[in-house]
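Report on the following structure.
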Amino acid sequence: MVNVLVIGATGYIGQALTQSLVRSGDHRVFGLARTPEKEKLLSRKEVHYIEGSISSTTTLKEAIELLYINVVVDVASANKESHNLLALLKDIGGERLTAASNAGVRVPKLGFIYCGGTWVHGSSNDPINDLMPVAALDAPTSPVALTSWRPALEQEVLAASDILDVMVVRPALVYGRSSAIWTSLFQPILDAAKAGSQTVSVAAELESRPALVHVDDVATGFHAAIDKLPSISGTGVYPVFDLVTSQESMRDILAAAASEFDFQGSVHFAGAGEDLFAQAMSCSANATSGRAKQILGWDPKKYSFVQGMDVYARAWLAGR
């Protein structure tokens, strides 16, 4: 079995990923736990817990070495801590390779898969793909301000390929299960429905058409990335993959949600204004995942947020 450490294992994407790996029977899955409650959560899900956090570098280093971790997946959506994690993994990976060289043997590189996001492409309805540059001189658009730091980290990850087997996987705007990221848009509509209001204002752009992906499909995308990482590394394949299943209008998404919340009034799009998160949520992206399907063998199952809103709205309500 491949030993996989998921950073952010108790989070939104992390829980979906660990369960996909556990169900396969092909992986021993580990996750960090900062509290006894998190330890219990991971144990209930058949995930081996490691006491500590991403900032506990000494503990983390010892665990990676003692447990013979083969692949580390960072889905924690951290900034500075992700930089520090990469530096730590490079140290561990370098030590492994040096020790093997001194012993005259060959060993596999430590694997590292970083979770980015398609917001690095910026906002546009022009077609984009994961081979296009981001935050570079010839990039078609600039990254959204909220995640403008990500391209530099992506480049750091890719530059570590001499020491680590690396990959960057970028999910689009995620929905499904708790759909917590949608609360800023769903909650005002729900509140208006309960109050019997005739209008409700939301911080979103009327013409926004975000790229979307269900959290279960994100999990299988990372699962496929883990399985294909050794066979892709060093082949010349550009190891960056966008995970997208649909592009749907924000107007249709919120209209469908309003219907499920039994809101009878009208939804007013007030625009994102200077709110960086609202700007990101209104990011339009005409993206595709052809390479993820062809190279990783990714096989997503859910292709519409709007069409399944009866299920997704109820799941969001239950998860609040």
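Would you confirm whether any residue within the stretch 221-239 is under 17 Å from ALA315 (Cα atoms), among the β-branched types (Val, Ile, Thr) and at pLDDT 95 or above?
no
Matching residues to (1) hydrophobic (A, V, I, L, M, F, W, C); (2) out of contact with any helix residue (DSSP H, G or I) (no Cβ under 6 Å at 6 or more places or on another chain); (3) touching a residue at least 24 places away in the same chain (Cβ under 8 Å); (4) over 13 Å from VAL6 (Cα atoms):
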residue: SER43; (1), (2), (3), (4): no, yes, no, yes
residue: ALA63; (1), (2), (3), (4): yes, yes, yes, no
residue: LEU67; (1), (2), (3), (4): yes, yes, yes, yes
residue: LYS80; (1), (2), (3), (4): no, yes, no, yes
residue: ASP91; (1), (2), (3), (4): no, yes, yes, yes
residue: ARG96; (1), (2), (3), (4): no, yes, no, yes
residue: ALA103; (1), (2), (3), (4): yes, yes, no, yes
residue: TYR114; (1), (2), (3), (4): no, no, yes, no
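Which of the residues spanning the stretch 159-176 are farther than 25 Å from THR288 by Cα, in contact with a strand residue (DSSP E or B) (Cβ under 7 Å, 6 or more places away or on another chain) and among the small types (Gly, Ala, Ser)? Matches in the stretch 159-176: ALA160 only. Scanning the stretch 7-57 for residues that are of a type in the set (Ser, Thr, Tyr) and modelled with pLDDT under 95 returns THR35, SER53, SER55, SER56, THR57.
Residues that are among the β-branched types (Val, Ile, Thr), crowded, with 18+ Cβ neighbours inside 10 Å and in contact with a Ser or Thr (Cβ under 8 Å, 6 or more places away or on another chain): does the stretch 98-121 have at least one? Yes, the stretch 98-121 has at least one match. Checking each residue in the stretch 158-183 for being in contact with a helix residue (DSSP H, G or I) (Cβ under 7 Å, 6 or more places away or on another chain) and either farther than 18 Å from SER304 by Cα or among the charged types (D, E, K, R) (or both) picks out ALA160, ILE163, LEU164, ASP165, VAL166, MET167, VAL168, VAL169, ARG170, ARG177.
If you go through the stretch 2-17 one residue at a time, do you hit one that is exposed (fewer than 15 other Cβ atoms within 10 Å of the Cβ) and not aliphatic (A, V, I, L, M)? Within the stretch 2-17 (the criterion being exposed (fewer than 15 other Cβ atoms within 10 Å of the Cβ) and not aliphatic (A, V, I, L, M)), the answer is no, since none of the residues qualifies. The residue that is surrounded by the fewest Cβ atoms within 10 Å (Cβ to Cβ), counting only those in the stretch 201-214 that are touching a Leu at 6+ places or on another chain (Cβ under 9 Å) and among the hydrophobic types (A, V, I, L, M, F, W, C), is ALA203.
Got a number for residues in the stretch 253-289 being more than 24 Å from the chain's Cα centre (by Cα), of a type outside the set (Val, Ile, Thr) and closer than 16 Å to VAL200 by Cβ?
Total meeting the criteria: 15.
Taking the stated definitions as given, is ASP74 under 29 Å from PRO151 (Cβ atoms), modelled with pLDDT of 95 or more and surrounded by fewer than 16 Cβ atoms within 10 Å (Cβ to Cβ)? The answer is no for ASP74.
Of the candidates ALA193, ALA160, ALA180, ALA225, the single residue that is touching a residue at least 60 places away in the same chain (Cβ under 8 Å) and buried (at least 24 other Cβ atoms within 10 Å of the Cβ) is ALA225. Can you name the residue in the stretch 290-301 that is buried (at least 19 other Cβ atoms within 10 Å of the Cβ) and out of contact with any Phe, Trp or Tyr (no Cβ under 7 Å at 6 or more places or on another chain) and, of all such residues, is nearest to ASP252 (Cα to Cα)? Restricting to residues being buried (at least 19 other Cβ atoms within 10 Å of the Cβ) and out of contact with any Phe, Trp or Tyr (no Cβ under 7 Å at 6 or more places or on another chain), the top hit is PRO300.
The values are calculated or read from the model by the stated rules, or taken from the named source; none is laboratory data. This is a predicted model, so every value here is computed, not measured. So basically every Cβ, Gly included, is an ideal-geometry build from the backbone, and we count neighbours across all protein chains shown.
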